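The values are calculated or read from the model by the stated rules, or taken from the named source; none is laboratory data. Because the structure is a prediction, the values reported are computed rather than measured. Here Cβ is always computed from backbone atoms with ideal geometry, including for glycine, and neighbour counts include all displayed protein chains.
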Amino acid sequence: MFSPSMAWLSSRALILGICISFVTGGTALQAQSAVLVVDAFNKKVHVAADAQSKRPVGGLAKIATAMVTLDWAEASKVGVGVLATVPAYAFQMTGASSIGLQPGDQVTLRDLIYATMMGSDDIAAITLGDFVGKDHLSRLVRAGHPMEEFVKQMNQLAKREGARATRFTNPHGLENSRPMPYSCAADIARLAIYAVSRPAMRFYTNQASRSITIYRGGQQLSMALSNTNQLLGVDRIDGIKTGNTPRSGGCVVISAEKPPTVQVQADNTSLIYRHRMVVVVIGSASPFEEARTLLHQGWAAYDRWLAAGRPITDKRQMLDQF
């Protein structure tokens, strides 16, 4: 297990009331991309194209890897400060570590999540899977490969969040597993919305740089990480994940939150509305440019929707229908 042109959804877009003229400043979006822009709190889709098409998504799979680890850390009450050992077999699965991890290194789960989400390090992702998978098997008193157990948890998370067109086969997202992994823009949006609902995950993804500690042969090494998300801090963007493989092309998931608004009711009580947008781009030659353009368009559509009183005239406008 471990060893088309883009179809613009003209008819569907008209049904959803979605503007599909993705042009800002004279720059059109890439024709091969699958995209989806959704309001994270209401799950209202504002822009979509080819959003249900099964595709390789590369490192975007690491969103599920990190969330399974965080869920395990919380449920087990072990936390993320425990040390995990980099397994030797990790390098048979993916080759070298982009941040220089070596077999036998020990790193806290916290720092491995930073390396996985900020630096998109494949060995860090495998190490998370190995540690959590072993613990699952131990608690269940069951034999098996820790990676297979962890991937099972990734797929269970995807299923729980309504991802119907997703199959994970490894924790790093490379297309070197058989069968090959895949997902779609709508499913990645579901996982991203779950991720940003957790303050801990937002903290992992909204930092431009971070130093992590590696314990190697009795020595303590400091390693500097840089976030691969070029849009971090632009237009209130605070995450989430990038990816790029030969099969997936350029991929990015971004999230941005505007200040909340307060609405006074007739009885003088107040309702507070939060506003967060999630943008998914898969298979783009210019993923960051495309994602930022989509974010602007998504907020414009969202503001029109708010001004109209948040109408839901067709259930197909909602993420759970994608």
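Numbers at a glance
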item	result
Residue list for segment 137-162, restricted to those being assigned to a helix (DSSP H, G or I), surrounded by fewer than 19 Cβ atoms within 10 Å (Cβ to Cβ) and more than 18 Å from the chain's Cα centre (by Cα)	L137, S138, R139, E148
Condition met for M318 (in contact with a Lys or Arg (Cβ under 7 Å, 6 or more places away or on another chain) and modelled with pLDDT of 95 or more)	yes
Among (1) part of a strand (DSSP E or B); (2) closer than 23 Å to K43 by Cβ; (3) modelled with pLDDT of 95 or more - the single one Y273 does not satisfy	(3)
Segment 61-81: number of residues that are part of a loop (DSSP other than H, G, I, E, B) and either among the polar types (S, T, N, Q) or touching a Leu at 6+ places or on another chain (Cβ under 9 Å) (or both)	4
Given (1) exposed (fewer than 14 other Cβ atoms within 10 Å of the Cβ); (2) outside any helix (DSSP H, G or I), number of the condition S98 does not satisfy	(1)
Pairs, first more than 12 Å from D320 (Cα to Cα) in segment 187-198, second surrounded by fewer than 21 Cβ atoms within 10 Å (Cβ to Cβ) and among the β-branched types (V, I, T), C-beta under 9 Å, six or more apart	none
A200 of a type outside the set (K, R), out of contact with any His (no Cβ under 9 Å at 6 or more places or on another chain) and not in a helix (DSSP H, G or I)	no
Matching residues in segment 289-313 - criterion: being within 29 Å of V57 (Cα to Cα) and surrounded by fewer than 18 Cβ atoms within 10 Å (Cβ to Cβ)	H296, A300
Filter result for the condition that a residue is buried (at least 16 other Cβ atoms within 10 Å of the Cβ), modelled with pLDDT of 95 or more and of a type in the set (G, A, S), over G58, G79	G58
Selection count, segment 292-315, where residues are within 26 Å of I237 (Cβ to Cβ) and in a helix (DSSP H, G or I)	16
Single unsatisfied condition, H172 versus (1) surrounded by 21 or more Cβ atoms within 10 Å (Cβ to Cβ); (2) modelled with pLDDT under 95	(2)
Segment 55-111, residues that are basic (K, R) and either in contact with a Lys or Arg (Cβ under 9 Å, 6 or more places away or on another chain) or over 20 Å from K241 (Cα atoms) (or both)	R55, K62, K77
Failed item, numbered, when S255 is tested on (1) under 16 Å from F41 (Cα atoms); (2) more than 15 Å from the chain's Cα centre (by Cα)	(2)
All strands (runs of 3 or more DSSP E) inside segment 209-254 with 1 or more residues being at positive phi and crowded, with 22+ Cβ neighbours inside 10 Å	237-245
